[in-house]
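Asks: Structure incoming, see below.
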Amino acid sequence: MEIVLANLSKSYGAHSVLNHINYTFRGPGLYIVFGHSGCGKTTLLNLLAGIEKVSTGTLDYTKNNDKCGFVFQHHYLLGDLTCRENIELPLAIRKEKVDKKTIEVEAEYFQVASILQRKIKHCSGGEAQRVNIMRTLGLNPDFILADEPTGSVDFVSAQLIKKRLVELSNKKLIIIVTHDRKLFSNLTATYLTLTDGTLLDDEVEN
């Protein structure tokens, strides 16, 4: 699949965030977008996901029915629901069948199998973010957008999340925005930097 950005800009009133971006994301594959806090990384993902609308320019998909999976920086899980209930909720809303076997496999990988019946409000931040990733994967999306997916988790959780997203990039388009150069360097990926409102090739070693 491809996502084509042509002269894309995004402004909020007089404040310009993204400026005349021309770029094509092609999948399967992994894209890492670096950028400091407030540079517009989340805005870029919101546009790619259709959460926000572009101000000027165009954003086109080669397949308009491709399903987007979004890994939010803040997990937005429901505290009074269990881990399993949070994972299954989007499927229930869509009236789609729950693949319990896949949930069990992913739970073992993300080391949360023993807490699937625990309420999210009693989980650690790292556990909650791993459940957040599982909720996204449970939708079997065609491409995944990840907003600082390891920004507030422990080392073990960060490594598990990174490894799973890298594995998935062999079959899907994965776009990760992050400020963590140390964790996300040295991967088989296309590296970009978002600066001054535009995307530039990044010179990170890989």
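Asks: For each pair in K53/K172; K41/K163; K67/K182; K67/K97; K100/K172; K97/K172, compute the distance between the two Cα atoms and list the pairs where it is over 26 Å.
Replies: As for pairs spanning more than 26 Å Cα to Cα, those are K67/K182.
Asks: If you take the beta carbon distance between N186 and D154 as r and set R0 to 30 Å, what does 1/(1 + (r/R0)^6) give as a FRET efficiency, to the nearest 0.05?
Replies: E between N186 and D154, to the nearest 0.05, is 0.90.
Asks: Dipole magnitude of the range 79-141 about its Cα centre, charges +1 at Lys/Arg Cβ and -1 at Asp/Glu Cβ only, in debye to the nearest 20?
Replies: The calculation lands at about 140 debye.
Asks: Same structure again: Note down the magnitude of the dipole of the chain about its Cα centre, charges +1 on Lys and Arg C-beta and -1 on Asp and Glu C-beta and zero elsewhere, to the nearest 20 debye.
Replies: Roughly 580 debye for the chain.
Asks: N19: net charge of surrounding residues, Cβ under 15 Å, Lys/Arg +1, Asp/Glu -1, itself excluded?
Replies: +1
Asks: Please sort 145-151, 180-186 by packing, taking for each peptide the average over its residues of neighbouring beta carbons within 10 angstrom, highest first.
Replies: 145-151, 180-186
Asks: Check cross-link reach from K119 to the aspartates and glutamates: straight Cα distance under 13 Å, and skip same-chain residues fewer than eight apart.
Replies: D80, E85, E127
Asks: Another one. Relative contact order for the chain: what is it in percent, counting Cα pairs under 8 Å that are at least 6 residues apart?
Replies: 32
Asks: What residue among P28, Y109, T43 has its Cα farthest toward the positive end of the dipole of the chain, where the charges are +1 on Lys, Arg and -1 on Asp, Glu, each on the Cβ?
Replies: Comparing the listed Cα positions along the dipole, Y109 ranks first.
Asks: Relative to the longest principal axis of the chain, what angle (0 to 90°, nearest 10) does the C-alpha long axis of helix 83-94 take?
Replies: 60
Asks: Just add up the charged neighbours of I120: K/R +1, D/E -1, any other residue whose Cβ is under 12 Å from the Cβ of I120.
Replies: +3
Asks: Identify, among N140, L91, V177, the residue whose Cα sits farthest towards the positive end of the charge dipole of the range 70-206, taking +1 on the Cβ of Lys and Arg and -1 on the Cβ of Asp and Glu, with the dipole about the Cα centre.
Replies: L91
Asks: Further question on the same structure: What ranking, highest mean first, results for peptides 72-84, 126-138 when packing means the other Cβ atoms within 10 Å averaged over each residue?
Replies: Result, highest mean Cβ count within 10 Å first: 126-138, 72-84.
Asks: Also, quick follow-up: If we count other beta carbons within 10 Å of each Cβ, what is the order of F155, F34, fewest first?
Replies: Fewest to most other Cβ atoms nearby, the residues stand as F155, F34.
Asks: Quick check on the chain: of the DSSP beta bridges with both residues there, what percent are antiparallel, nearest 5%?
Replies: Just about 50 percent of them are antiparallel.
Asks: Bin all alpha-carbon pair distances of the chain at 10 Å intervals from 0 and give each bin's fraction as a whole percent.
Replies: Reading the bins upward from 0: 8, 35, 35, 19, 3, 0.
Read the figures in this text as sums done on the coordinates, not as results from a lab. Please read all numbers here as calculations on a predicted model, not as lab measurements. Methodologically, a virtual Cβ is constructed for each residue, glycine included, from the backbone with ideal geometry; neighbour enumeration extends over all protein chains shown.
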